[in-house]
Structures are given as C-alpha cells and as structure tokens.
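*Asks:* This is the structure I want to talk about, given as structure tokens.
Read-outs throughout are calculated quantities, based only on the coordinates presented, and are distinct from any laboratory measurement. Model, not experiment: these values are computed from the prediction. Glycine also receives a Cβ, built like all others from the backbone with ideal geometry; neighbour counts cover every protein chain displayed.
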Amino acid sequence: MPRSVNALTVFYLALLTATPLVAQKAADHVALGIAATDARDLKTALQHFQAALDLDSMNYEANWRAALTLGLMGDPYPMRAKSPQRDSLYARAERYAQRAVAANPAGADGHFALAASLGRAALMKPTDENLRSATLIRSEALRTLAITPRHDGAYHILGRWNAEIMRLPSFSRFVAKNFLGARVFNQASWNNAVFYMEKAVALDPGRIYHHLALADIYVDRKRLQDAANQLRLVDSLPVREAMDTNYKQQAATVRQRLAKR
C-alpha cells in the first residue's frame, strides 16, 4: 500500500478517535460552567462555556448558556449611561444566542437566550431601533413557549415586552404601527403585561427577578398594595441567582416610584 494512503488512513482514524474526546471535553467544560453558575460565579462560568466553544463552536448548550451569562454580566452597568463594555457583552450574547438557534432550531433555551439578548440590546438603542427589534423579541419568546409551554423566563420576557411597549409615548407607538410596519404593537396591553408576569411568578415563585418586574408593572397600574407585597417578597426571598443581590438593590428604585403614587 502506498505510503500516502497509509498516512491518510492514520489521519482519518485519528480524527474519528479525537471527535468523541473533543465532545467529552466540551461537555465537561459545560458541566463546570453550570456548577459555577449555580455558585453565582459568572466570570468562571463564562470561562468554561468559552472553553467548550473553543473546542466546538456549535455546541448548543455552551452557546445559549454563554449568551445568558454575558447578558447577566452586562446588567449591572447603568442602563442610561454609555458603556462600551456593557454593549460589547450584549453584542457577544446576541451572537452566541444566534449560533445556539442555528445549532438547534428546535431547542427552547436557544430561542429564549436570543429573545433575552435582543431585549437587553434593544433597551440601549435609540427608540426607532428599539421598535424594529420588538417584533423579533416577541417572536422568539413565543417560539420558546411553543416548545416549552411552562418556560417562566419566556413569560417574563413577554410581560416585560408588553410593559415596555405600553410605557412608550403614544406617538412612538403610532409611528411604529403605521410607518415601521410593527402592527404587532396592537397586541400590546397592560392586561397582557400583568398576565404574563404573573404567570412567570406562578411558575417560579422563588425567582426574585420575576417579583421585582411584577412590582414595577403593578406601580404602573396603580395597584399599590400589590406592588408593596411583591417588594416584600423581593426582600424576603433568599439569594439564589448571581444577580439577586443586585435585584434587591434595584427594588429601592421601584419603592421610590411607589412612594410618589
């Protein structure tokens, strides 16, 4: 047998042997990333998810988990101030989420990560760009629920989506519906905002972020006692996720709004 054929055979045998090893190493890094997430160590979690992606760029779980981790890492930056660091984290999150959806279009978590990443980025953009993103955010959240009907995160996004649309000046909503083609804005309502966020709370009552967002919506609706009740839960629930301490601090802003009502 010619030497070149032998060399080619050895190469393909090595490739077949290496592929399962690479996949296992990537899976090990994902598992370590999940453990770091549970320990509320986002930096270490991201390092492991990135290591998995360095081995396999299309690893579905590493992509959507990295996207969510990057989004959380960007959240502590002030929303209204310019921040290249925050914007860079959000942009990376969106890229990884897009890749997760490409790797597994039938996976709920990929669509959820994309909806969450698009939603975060939209809040940092001018109103016209924000409006153009709104249809896709809602669509990805609905796709998540079509696959996993009890996905509390998707309900949270839909509750927030309705609230953010209703908080826009009426002229901005008019422009979006009539000139930007965002007819879907006709679906937005305060009733939907309350319904979806209450559903998120019901599905995971231990999640502080759901209670904080629901309190904020209740303030908008002048349901002051309901808002106060949700804020008490924000205070009393144990810290479970990496951003929970930050959410407890954000409750002060909602209390200020509540006091003015």
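*Asks:* How charged is the neighbourhood of residue 250? Take every other residue with its Cβ under 13 Å from the Cβ of residue 250, and add Lys/Arg as +1 and Asp/Glu as -1.
*Replies:* Local net charge: -1.
*Asks:* Another one. To the nearest 10 degrees, how steeply does helix 127-147 sit against the main Cα axis of the chain, on a 0 to 90 scale?
*Replies:* Roughly 70 degrees between the two axes.
*Asks:* Please arrange 161, 64 by counting, for each residue, the other beta carbons lying within 10 Å of its beta carbon, fewest first. Spell out each step's value before the answer.
*Replies:* Numbers: 161 24, 64 29.
By the 10 Å Cβ count, ascending: 161, 64.
*Asks:* Please compute the net charge surrounding residue 34, taking Lys and Arg as +1 and Asp and Glu as -1 over other residues with Cβ under 14 Å from its Cβ. Provide the component values of the computation, followed by the final result.
*Replies:* Details: positive: 40, 65; negative: 28, 38, 41, 61, 109, 241.
Surrounding charge for residue 34 is -4.
*Asks:* Please give the contour-minus-distance gain from residue 41 to residue 220: 0.36 nm per residue of separation, less the Cα-Cα distance, rounded to one decimal in nm.
*Replies:* On the way: separation 179, 0.36 × 179 = 64.44 nm, distance 3.37 nm.
Contour length minus the Cα-Cα distance gives 61.1 nm.
*Asks:* Most exposed first by the Cβ proxy, i.e. fewest other Cβ within 10 Å, how do 197, 243 rank?
*Replies:* Values: 197 27, 243 18.
Fewest to most other Cβ atoms nearby, the residues stand as 243, 197.
*Asks:* Between residue 142 and residue 167, how high is the FRET efficiency from 1/(1 + (r/R0)^6) when r is the Cβ-Cβ distance and R₀ = 22 Å? Nearest 0.05. Write down the numbers at each step before the final one.
*Replies:* Details: r = 21 Å, r/R0 = 0.94.
Efficiency, rounded to the nearest 0.05: 0.60.
*Asks:* Next question, about the same structure. Under the Karplus relation 6.51 cos²θ - 1.76 cosθ + 1.60, θ = phi - 60°, what is the ordered set of whole-Hz ³J(HN,Hα) values for the stretch 21-30, x standing for Gly and Pro?
*Replies:* 5, 5, 4, 5, 4, 4, 5, 4, 5, 4
*Asks:* Now a separate question. By count of other Cβ within 10 Å, fewest leading, how are 254, 184 ordered? The partial results should precede the final answer.
*Replies:* Values: 254 21, 184 15.
Ranked by crowding around the Cβ, least crowded first: 184, 254.
*Asks:* Moving to a separate point now. If you split all Cα-Cα distances of the chain into 5 Å bins from zero, what percentages do you get per bin, shortest first?
*Replies:* In order of increasing distance, the bins hold 1, 6, 11, 14, 17, 17, 12, 7, 5, 3, 2, 2, 1, 1, 1, 0, 0, 0 percent.
*Asks:* Rounded to the nearest 10 degrees, what's the angle between the helix 244-260 long axis and the longest principal axis of the chain, both from Cα atoms, 0 to 90?
*Replies:* Tilt of helix 244-260: around 20 degrees.
*Asks:* Whole-Hz Karplus ³J(HN,Hα) for the stretch 94-99, in order, using 6.51 cos²θ - 1.76 cosθ + 1.60 and θ = phi - 60°, x for Gly and Pro?
*Replies:* Result, ordered by residue: 5, 5, 5, 5, 4, 5 Hz.
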